[in-house]
1. Just to be sure I understand, if you calculate percent of Cα pairs over 26 Å apart for this structure, which of (1) 43; (2) 32; (3) 48 do you get?
2. Does the range 1-60 come out rounded, prolate or oblate, given a ≥ b ≥ c as the square roots of the eigenvalues of its C-alpha gyration tensor, rounded meaning a/c under 1.5 and, failing that, prolate meaning a/b above b/c?
3. Quick check: with the 1.4 Å probe, what order do TYR94, TYR32 take by accessible area, largest first?
4. PRE reach from ARG29 (point 7 Å along Cα→Cβ): which of the range 79-99 fall under 20 Å by backbone N?
5. Round to the nearest 0.05 the FRET efficiency obtained for THR179 and ARG69 when R0 = 35 Å and r is the Cβ-Cβ distance.
6. What GluC sites (Glu not before Pro) does the range 17-119 have in DSSP loop regions with at most 16 other beta carbons within 10 Å?
7. Is it possible to state the helix-based mean residue ellipticity at 222 nm for the chain, with each DSSP H run of 4+ residues giving -39500 (n - 2.57), the sum divided by total residues, to the nearest 500 deg cm²/dmol? What is it?
8. Of THR132, THR178, THR57, which is the most mobile in a GNM of the chain whose springs link Cα atoms less than 10 angstrom apart?
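The values are calculated or read from the model by the stated rules, or taken from the named source; none is laboratory data. Nothing here was measured: the structure is a model prediction, and the numbers come from that model. With ideal geometry, Cβ positions are generated from the backbone for all residues, glycine too; neighbour counts draw on all protein chains shown. Please note that ligands, DNA and RNA were not included when accessible areas were found on the heavy atoms of the full protein model with its side chains. Shrake-Rupley method; radii C 1.70, N 1.55, O 1.52, S 1.80 Å.
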Amino acid sequence: MELSQVVRRRRMVRRFDPDRPVPGDVLERILYAAQRAPSAGFSQGWDFVVLEGPSQTEAFWAATRDGEREPDAWLRGVSAAPVLVLCLSDPTAYLDRYAEPDKGWTDRDPARWPVPYWDVDTGMAAMLMLLTAVDEGLGALFFGVPPDRHPQVRRAHGIPQDRRLVGVVALGHERERTTSPSLRRGRRSEQEVVHRGRFGGGRGTGPGESATEPV
């Protein structure tokens, strides 16, 4: 599939077919793609906990579920996914890498990182999973874990305290097409999003051109 097709077809799937597993070779290609993501200083400060089949995925859902509430449509649909990939970032890998001689940040001060690139790079790896899933004819969803459930998920899957749980990628075959109510907001136009030359610069603003709109 052409990249342009993959980008257009990518969507968040919220209803998975529990009876159609993800083939092992397909899963390996998805995980390989994630490891090809860019990372600052080639730090590669990510880890992926792969849960396959009900016996493993149910441990995750048990750790995140509020036992007093009946599962809603979202949870019923997503918990049917045959594969979950927990995406973890490792800040220490970046602090160690940038303390090396070619970088020289020997103070290992996290304040040097106004943007947490360990989380950014892990997010890029997750996006490559989403795109590769589309290319393989699968559905995928990226979602977060409620903060108060992080300790339970850590215990359930042996996640070290020095790792950050950035999010989870659910993988499988789409069972039913749903549309998120959020899409009613519409997609922001290029004129709103793309700024040429400076913030507020309109389309066609380039070197030597004014970004000022005509009066």
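1. Correct label, based on the coordinates given: (3).
2. Here the range 1-60 falls in the oblate category.
3. Greatest to least solvent exposure: TYR32, TYR94.
4. Residues 82-85 qualify, since their backbone N sits under 20 Å from the label point.
5. Given R0 = 35 Å and the Cβ-Cβ separation, E is 0.90.
6. For GluC sites (Glu not before Pro) across the range 17-119 that sit outside H, G, I, E and B with at most 16 neighbouring Cβ atoms in 10 Å, the list reads GLU68.
7. Value at 222 nm, helices only: -9500 deg cm²/dmol.
8. Maximum fluctuation in the GNM of the chain, among the listed residues, is at THR178.
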